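Let me begin by presenting the structure, written as structure tokens, before commenting on it.
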Amino acid sequence: MFVSGVSSRSWGARLASALVTLISVLFALGWASIIVWAIVVSFRPESEPLGRGDVWFGSAWTLANYVKAWSLAPFGQYYLNTVIIVLTILGVQVVTITLAGFVFAHFRFAGQRTLFFFILLQLMIPTSALLAPNFGTIRALGLFDTRLAVAIPYFGSAFGTFLMRQAFLEVPRDLVDAGIVDGCSWWQLLRHVYLPPTMPTLIAFGLSSVSWHWNEFLWPLVVTISDDVRPLTVGLVRFTQLGEIGARWSLLSAATLLVAAPLLLLFLVFQRRFIQSFLHSGIK
Amino acid sequence: MTTRTRPSRRRINLLPYLLVLPTAFFVALFTAWPTLLALYQSFFRQRLNIARFRQPTFVGLENYQALLTSSEFHQVLRNTLIYVLGTVPLSIALAFLLALLVNRRIRGVGFLRLAFFYPTVLPMVSAATIWMFFFTPDYGLFNTALQAIGYRGPQNWTANPDLALIAVMIVALWKNAGYYMIFYLAGLQNLPTDVFEAAALDGATIAQQLWYITFPLLRRTTLFVTTIAFISAFQTVDHIFVLTNGGPSNASTVLLFWLWQVRFEYLDVGKAATITVVLVAILLLFTVTNFLLSERKEVPDVR
């Protein structure tokens with residue numbers, strides 16, 4: 001629209017356009033170098049340390065770093081923990097935000113505004129700022145060092161509630177009224193009238209919830225202590241701090257990619273959906 | 001009150017309260033209650049690693065007094081200020097620039113967008129681990145690139161007291177700019193084209209069009225992105241754990257990292273509660289101001 005849209009294809013305009021393209025490509029290369037380097041080095045033989053000169057390719061490609069990383073830390077267990085935590089959060093959130101969003105879109109009741117603003121409080125005070133008192137709550141509930149402890153603060157989502165309310169409000173009133181005339185119960189209204197057209201919003205929320213909690217580090221670091229319940233992110237940081245790891249970059253890159261790969265692949269496959277969901281979500 | 005389902009009955013319908021209860025319960029338990037608890041605990045001295053201070057003792061405003069006069073707090077506050085005021089405007093400016101770069105009809109633009117956006121789905125701890133290598137003196141790629149453009153300064157980015165904070169800020173910029181970019185990209189694609197055609201006919205340069213038309217029209221996007229960037233700047237400290245651990249000598253310690261350190265390394269419950277109150281106050285001050293300024297604080301015109 002700005003540069004390419006200049007309609008007169010003069011020599012100067014074409015030069016400007018090429019220049020902008022060149023700048024874009026340089027920027028993109030800089031941005032991508034992080035992941036590209038990690039991928040390349042993770043397949044490099046570990047016996048060939050990075051020194052001055054060649055920091056990219058070794059003499060051959062190998063999977064040994066992945067095998068080694070997997071054997072040095074219980075990544076299988078970490079995977080399982082992360083998947084369980086992320087799916088638990090998602091499963092509960094889908095139910096709670098659908099019900100709460102439905103309530104605020106469909107009903108009129110005393111204290112509605114107060115209750116809505118009370119829930120929106122969660123948007124203004126991010127949960128991570130409250131990790132100290134929340135740690136006390138987790139201790140008091142006897143949940144310390146469990147996967148549930150990692151998941152439970154996110155069971156209610158102000159953002160999801162808000163998002164679903166907005167989506168439900170856009171469902172045509174005629175449709176809802178027709179359902180009521182037909183004698184639908186609240187459950188049938190939700191299931192057959194409200195939910196079908198708002199599934200994309202729910203999926204968008206789900207994707208951003210999964211990627212946010214897959215990547216979370218600080219809270220699980222605080223409430224877990226054993227490998228049996230620890231998620232990938234915390235496991236990775238422990239791994240980098242292992243005495244024998246040091247600056248073995250091939251190994252570190254392999255471990256790093258083990259943690260990031262599932263989400264990256266998911267993102268590559270569902271790129272459009274992902275970006276759409278992040279656009280929707282804003283506050284993760 | 002009545003509901004839409006039962007307009008004729010006058011009795012109170014419990015159903016909406018019941019359905020919203022799970023969400024309200026968890027918000028109460030993990031947002032409202034801990035905020036009040038932190039406020040309460042901030043009036044007590046309680047240190048878990050010192051036997052005689054294990055039990056909480058009421059000390060009034062002593063914690064706040066100690067905090068305000070501690071040089072460590074001043075340093076952390078200064079670091080936080082630099083971090084927030086550095087990363088927020090820069091990442092937004094960068095996001096706007098990147099959005100302009102990828103909002104063109106050229107071949108391979110999808111790859112450009114991918115290159116800028118992928119850090120968003122990368123775990124911060126993974127990203128920071130790889131950045132560790134980039135910051136390595138001599139042969140780290142970041143230093144190599146800097147040398148190529150004539151940089152001759154110190155290279156130990158994560159261990160130099162003057163550079164450590166800048167290093168963590170660079171990683172945050174790289175991680176967030178692509179995320180904020182998509183909001184601007186969506187905004188740009190929703191702009192009316194006729195305004196630009198008219199401006200071009202009137203002889204407005206591209207720079208003038210950007211400054212007088214594009215930027216003002218994307219005001220709401222900017223406001224929204226500023227909000228999420230600000231909150232994110234306060235709550236993301238994962239990379240600090242990997243890159244600098246807050247050091248050297250607190251040079252890269254920001255508020256939330258310090259809070260973690262005080263509570264879980266120094267086991268000082270009272271002081272941690274006081275820091276929590278300060279952090280929450282700053283966040284509330286910002287979000288409420290923002291809310292009042294924008295009135296309708298909703299997901300902006302990005303669809």
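The values are calculated or read from the model by the stated rules, or taken from the named source; none is laboratory data. From a predicted model like this one, the values you see are computed outputs, not experimental measurements. Note that each Cβ is placed from the backbone with ideal geometry, even for glycine, and that neighbours are counted across all protein chains shown.
Take the residues of the range A:20-41 that are among the aliphatic types (A, V, I, L, M) and buried (at least 19 other Cβ atoms within 10 Å of the Cβ): which is modelled with the lowest pLDDT? Outline the logic, then answer.
Taking the range A:20-41 as the starting set, the residues that turn out to be among the aliphatic types (A, V, I, L, M) are A:20, A:22-23, A:25-26, A:28-29, A:32, A:34-36, A:38-41.
Filter again for buried (at least 19 other Cβ atoms within 10 Å of the Cβ), leaving A:28, A:34-35, A:38, A:41.
On the way: A:ALA28: 94, A:ILE34: 93, A:ILE35: 94, A:ALA38: 92, A:VAL41: 89.
The qualifying residue modelled with the lowest pLDDT is A:VAL41.
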Counted residues, the range B:37-62 - those being within 18 Å of A:SER128 (Cβ to Cβ) and either small (Gly, Ala, Ser) or free of Cβ contacts under 8 Å to residues at least 60 places away in the same chain (or both): 1
Matching residues, the range B:206-258, being outside any helix (DSSP H, G or I) and modelled with pLDDT under 85: B:GLY247
Residues located in the range B:183-203, provided they are at pLDDT 85 or above, surrounded by 16 or more Cβ atoms within 10 Å (Cβ to Cβ) and more than 30 Å from the chain's Cα centre (by Cα): B:ALA199
Some residue of the range A:130-139 being farther than 20 Å from A:HIS213 by Cα, without any contact (Cβ under 8 Å) to a residue 12 or more places away in the chain, assigned to a loop (DSSP other than H, G, I, E, B) and among the small types (Gly, Ala, Ser): no
One residue from A:VAL20, A:VAL95, A:VAL86, A:VAL25 being without any contact (Cβ under 8 Å) to a residue 60 or more places away in the chain, part of a helix (DSSP H, G or I), assigned by TED's automatic domain parsing to the domain that holds A:LEU242 and among the aliphatic types (A, V, I, L, M): A:VAL95
Conditions (1) more than 9 Å from chain B (Cβ to nearest Cβ); (2) crowded, with 24+ Cβ neighbours inside 10 Å; (3) within 23 Å of A:LEU202 (Cβ to Cβ); number of the one not met by A:ALA149: (3)
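Just to be sure I understand, how many residues within the range A:67-118 are of a type in the set (S, T, N, Q), touching a Gly at 6+ places or on another chain (Cβ under 6 Å) and within 17 Å of B:TYR17 (Cβ to Cβ)? Reasoning before the result, please.
We begin by selecting, within the range A:67-118, every residue of a type in the set (S, T, N, Q); these are A:71, A:77, A:81-82, A:88, A:93, A:96, A:98, A:112, A:114.
Filter again for touching a Gly at 6+ places or on another chain (Cβ under 6 Å), leaving A:93, A:96.
From what is left, the residues that are within 17 Å of B:TYR17 (Cβ to Cβ) are A:96.
Within the range A:67-118, residues that are of a type in the set (S, T, N, Q), touching a Gly at 6+ places or on another chain (Cβ under 6 Å) and within 17 Å of B:TYR17 (Cβ to Cβ) number 1.
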Pairs with Cβ under 8 Å, 6+ apart, first in the range A:154-179 and within 10 Å of chain B (Cβ to nearest Cβ), second surrounded by fewer than 17 Cβ atoms within 10 Å (Cβ to Cβ) and aliphatic (A, V, I, L, M): A:ALA158/A:LEU121
Members of the range B:222-240 that are in contact with a Gly (Cβ under 8 Å, 6 or more places away or on another chain) and under 20 Å from A:TRP219 (Cα atoms): B:ILE228, B:ILE240
Checking A:ARG108 against (1) charged (D, E, K, R); (2) more than 7 Å from every other protein chain (Cβ to nearest Cβ); (3) in a loop (DSSP other than H, G, I, E, B), the condition it does not meet: (2)
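Kindly evaluate A:ASP182 against the criterion of being within 15 Å of A:ALA69 (Cβ to Cβ), surrounded by fewer than 23 Cβ atoms within 10 Å (Cβ to Cβ) and more than 9 Å from chain B (Cβ to nearest Cβ).
Details: within 15 Å of A:ALA69 (Cβ to Cβ): no; surrounded by fewer than 23 Cβ atoms within 10 Å (Cβ to Cβ): yes; more than 9 Å from chain B (Cβ to nearest Cβ): yes.
Against the criterion (within 15 Å of A:ALA69 (Cβ to Cβ), surrounded by fewer than 23 Cβ atoms within 10 Å (Cβ to Cβ) and more than 9 Å from chain B (Cβ to nearest Cβ)), A:ASP182 does not qualify.
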Counted residues, the range A:229-254 - those being at the interface with chain B (Cβ under 8 Å from one of its Cβ atoms), assigned to a helix (DSSP H, G or I) and farther than 19 Å from A:ILE85 by Cα: 4
